[in-house]
1. Other chains' Cβ within 10 Å of A:466-474 residues: what's the mean?
2. Any idea what the relative contact order of chain B is, in percent, if you count C-alpha pairs under 8 Å spaced at least 6 apart?
3. So what's the Cα pair-distance distribution over segment A:148-234, bin width 5 Å, in %?
4. Nearest 10 degrees is fine. How inclined is helix B:280-301 to the longest principal axis of chain B, computing both from alpha carbons?
5. Pairs of Cα atoms under 8 Å, at least six residues apart: use those to get the relative contact order of chain A, whole percent.
6. Which cross-chain or sequence-distant (5 or more) residues have an amide H under 5 Å from the amide H of A:Phe195, H modelled 1.01 Å from N in plane?
7. 5 Å is the cut-off here: which amide hydrogens, built 1.01 Å from N in the peptide plane, fall below it relative to B:Ser500, excluding neighbours closer than 5 in sequence?
8. Can you give the helix-only mean residue ellipticity at 222 nm for chain B, where every DSSP H stretch with n ≥ 4 adds -39500 (n - 2.57) and the sum goes over all residues, rounded to the nearest 500 deg cm²/dmol?
Amino acid sequence: MELLSLITFFPAIGALLLLLVPSKQHDTIKMVSLLVAFVTFLVSLWLYFAFDPIAHPMQFEFSVPWIPSMGINYHMGIDGISLLLIVMTALLMIPAILCSWKSITTSVKGYYISMLFLATGMLGVFCSLDLFLFYVFWEVMLIPMYFIIGLWGGQRRLYAAIKFILFTMFGSLLMLVAIIYMAFEFKSQTGVYSFDMMALTGMPIATQPQMWLFGAFALAFAIKVPLFPFHTWLPDAHVEAPTGGSVILAGVLLKLGTYGFIRICMPMFPEATVAFTPYISVLAIIAIIYGALVAMVQKDIKSLVAFSSVSHMGLVMLGLFAMNTQALEGSVIQMINHGISTGALFLLVGMIYERRHTRLISEFGGLAKVMPVFATIFLIVTLSSIGLPLTNGFVGEFLILLGLFKVNATYAILAATGVILSACYMLWMYQRVIFGKLTNPKNEKLLDLSLREKLILIPLVVLIFWIGIYPKPLFDRLSPSIRAVQEQMQRSAAVGKTSKFEFVESFKESDYSYDVTIENRLEKVK
Amino acid sequence: MTENIYWIPLLPLLGFLVNGLLLGKLPKRVVSLVACGTVGGSFLLSLMSFLELKAMPPDLRLIEQTLFSWISSGDFHVNFGFLLDPLSSLMILVVTGVGFLIHLYSVGYMSHDSGYGRYFAYLNLFTFSMLVLVLADNFLFMFVGWEGVGLCSYLLIGFWFEKKSASDAGKKAFIVNRIGDFGFLIGMFIIFWQVGSLDFMTVAAKAPEVFVAGGTLVTAACILLFVGAAGKSAQIPLYVWLPDAMEGPTPVSALIHAATMVTAGVYMIVRVNAMYILAPDALLVVAIVGGVTALFAATIGLVQNDIKRVLAYSTISQLGYMFLACGVAAFSAGIFHLMTHAFFKALLFLGAGSVIHAMSGQQDMRYMGGLRKYLPITFGTFFIATLAISGIPLMSGFFSKDEILWKAFSSDYGHPILWALGFITAGLTAFYMFRLLFLTFYGKERMDEKTKSHIHESPKFMTIPLMVLAVLAVVGGWIGMPHIFGVTNYFEAWLEPVISSAKPAVGVHMLTSAGGDTAMELMLMFSTVILVGLAIFAAFKIYNKRPEVADSLADRFKTPHNVLLHKYYVDEFYGAVIVRPLIYFSLFLWKIMDVLFIDGLLNGLAKLYEGISETMRSVQTGRLRSYATVFVIGVFILIAYAVIE
């Protein structure tokens, strides 16, 4: 059984199965989708344990020709980076589906089908080793998300959904151009087309086109992250999206941006990466501080969390572009952490929204009195979000800043102000929602968390502490892949200085056995 | 015992887990048994390991234990590791000993509170974190405890969360501490990238090779660490959270905001004294900040009316003394004062708690008076503590304070000005403490009848800890008597292995030491005692004999009195200069930058596109005749173009 195809397409198959269920049978629909999500998660665990931390970082590879004339393959494979993101994605699907149990009441069937297709798109992006395939999954993911926001969202859902799709489409269009350019460039150098990431990585590209290509990819990814000033779609999308959509949006979709940087931009365009580093770093620092400050004055809890994501993802970006081991590993760990913590925050916000149908901070206050369990879990998640030691957030944040400090102390110092600011906005919000006198009579009768809600949150709380206290298993799987990325960047940079002829020779001789078909075709060309 | 040091912090953690997870399911009796039992157990273990350590030869008194690897990335490795040496063994004795007494006291003090279980869970979590802080063998694990105590402090200050002032104070404490942590973090980064490790032992061993003595890097690292210390230990300019922290239950003020947590900064500096010795300029900063804070806080303490606030400013002031000691490289004197202060200040707070308990929650001394006959035990023990903090000869505070003053004057890093700061503070301390004593326990009974009828001595759970602490407040200083008394200073000898013996580079910072001999030492000691005596006499004259003098003095010096009463308007200043501008700036970023500018630009683009489309659409009329007309015109233009060409 081919594991990566299984995990990618299993949700889609589940979605097709749902088509057979009559739309009135809500319970069956919910149970089927939950079951599908759960099995997907089990498969991801299987991957996690089957992944060999010591072997070559790229594992579970599978490649069959798809459109041979263009050199397009159905090529899948994962390394430690994608592995962790896949497990996180599969994990977050469960609460994202469970939390919609009661809140989604219209076109239930459509909603769950969209969620499952969304999962296929996201998992596919993380599994693809072919740029064309990558692009297909990238676009596949947009459509269900568009519907989730546009159909099951709040008051201004149409505005938010269109804004979301226009921003993302704008970015991905340029990315498509860049992808095609890469394939043509490969042909001009070797005589055959290829969209294979492993083959394209290491292809020498002159400085000027490298800049353009980097720019095209970077724009698509930066919009996804979202990096300042491309972030304005995010608060709107979050505020309008239903809870399940927000969880996936913040938890997974944003990581696709940073994943793109580390998987494509950095290894393929090392020269351009170095050249762009100062600009991206400055934007990332602005994002950290700007996001935190704007979060502080939000009135709606969800948009507060959305802006906090801008701030946190800024730190991840900054870590990626510091490019040393600690910062890179910290960044990837922080992607996982942000998925867990922010996902949990959106779930919590969703739970009080279901009770009160408002998310305005001023409507709450004194909830600790009536919802002590909620207050406790909310506190733990808040602390994880502000990076208290022994929670997951600290491990990532600390490593990023530590690594960054070596590369550029000024950046590190500026970024570390985020540590102070995050405490300000999160604790202030927590105080206004949870502490104080219970003055609003509508809050007096609020029920504490139900069993279902506890089941949603407790695994996330366990993960918060687990990663915070014993992150070693994650690092074991991550480190070799990070090292491979670093080595690849150095190799690509070195290749950039050699001639194209040498590249072709070295390409033939290289011990990459990623893509046998390409090698074979090269032979034929000769 | 020394093979299993980790049980010392682990026991209170277990207590926390039991009381926290079974919150609301356990009867009060079990809750208090678990909470006090685990901390008491830790105390016994600490005592055992202390004795075992004592039985070893001084050079070998060092035990390291690693639980497991925590973070490992590239060449960065950090473990959950513990370090037991003379310094940490002393600290855990103070933490668990005083902590246990305060746990006992809380059983009585909190008995009527609805949040009983939650309170003890937090208290145990605090003890765990504090023990981690003290026992950690590297900076990062210490930081775990450091943030952990901060979290508990946040939770306990805001314990009565329905009160806005309480949750405000908790938040303020957390955020101000975060500013300090920022310094701590950056300091750690410098150390790691220079030394290649965050282990205390490695850093201490390698620092002299890696850092240039007096160099920029080591000075920067030490000053940044001190920023962290200033946050946690409430020094200028980050002290503002501590007075507000008095919103928490009084035993918490005693444990966290007097005896243990707030001394963490002092402990940290002593822990890495090998680095500070290399950075004389940083030491000077520490000494000046400490000395000035001591004086500054004492002046505010002179006029406060809330009994706990006086004690809070007193704590800030006494912490200033400890930093003054560290700043003149008298590290063992700093720890000595830390210990004696833990005894008498915990006692003062618990005594104040007993008074507040008796007064049905009243904290304003203007409505107290004459309480000594109602609360004999509280009064007796409080009186002893007041003597100790004022530095009356032979009490614990006398020895520790005297050592600091002498070192501030005579150490290679000392200076008469630093001594003078401490000297004046000693007088002020005696004055405000006796003012407090007279206002509370002597004079007219100023409370209303209803309160008066309720006044009662506290239950045994509360008075027994008071008595134990009173004994410690008296004898606690006897192990550290000065050499001029012709006895061994056991305290200094005990800490000797952990204090760097590096000789200071002479003339490395801008102040030159005065030095001094035995005669000088005795003379300075006497002058302090005389000053303290005068201050007590003045307090007696004003607040016991003729209370009206105080008011007329306040009237005569209206402006200075107001400035002191309003704590030099520092909170107002921070509010106007930092907090409010930041909020307005954030609003500007949101409303103007985000909504108006970025989104406006994008929406504008969309509108423009829409406008163009709208215009273009009007051409598509659908009428065949107009299409034909345009077609014909087009043909003519083309023909004309061809002809002209």
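The values are calculated or read from the model by the stated rules, or taken from the named source; none is laboratory data. Since we're looking at a predicted model, the values are computed, not measured. FYI the Cβ positions are ideal-geometry reconstructions off the backbone, even for glycines, and counts take in every protein chain you see. These area figures cover heavy atoms from the full protein model, side chains too; ligands, DNA and RNA do not enter into them. Shrake-Rupley method; radii C 1.70, N 1.55, O 1.52, S 1.80 Å.
1. On the way: counts 0, 0, 2, 4, 5, 5, 5, 0, 0.
Per-residue shielding by partner chains comes out at 2.
2. Result for chain B is 12 percent.
3. The calculated distribution, bin by bin, is 3, 14, 19, 17, 14, 10, 9, 7, 5, 2, 0.
4. Computed tilt is about 80 degrees.
5. Relative contact order, chain A: 17 percent.
6. Amide H neighbours of A:Phe195, under 5 Å, 5+ apart: A:Asn73.
7. Residues meeting the criterion, in which the H sits 1.01 Å from N, are B:Ala274.
8. Numbers: 28 runs with 438 residues, N = 645.
The helix-only estimate for chain B comes to -22500 deg cm²/dmol at 222 nm.
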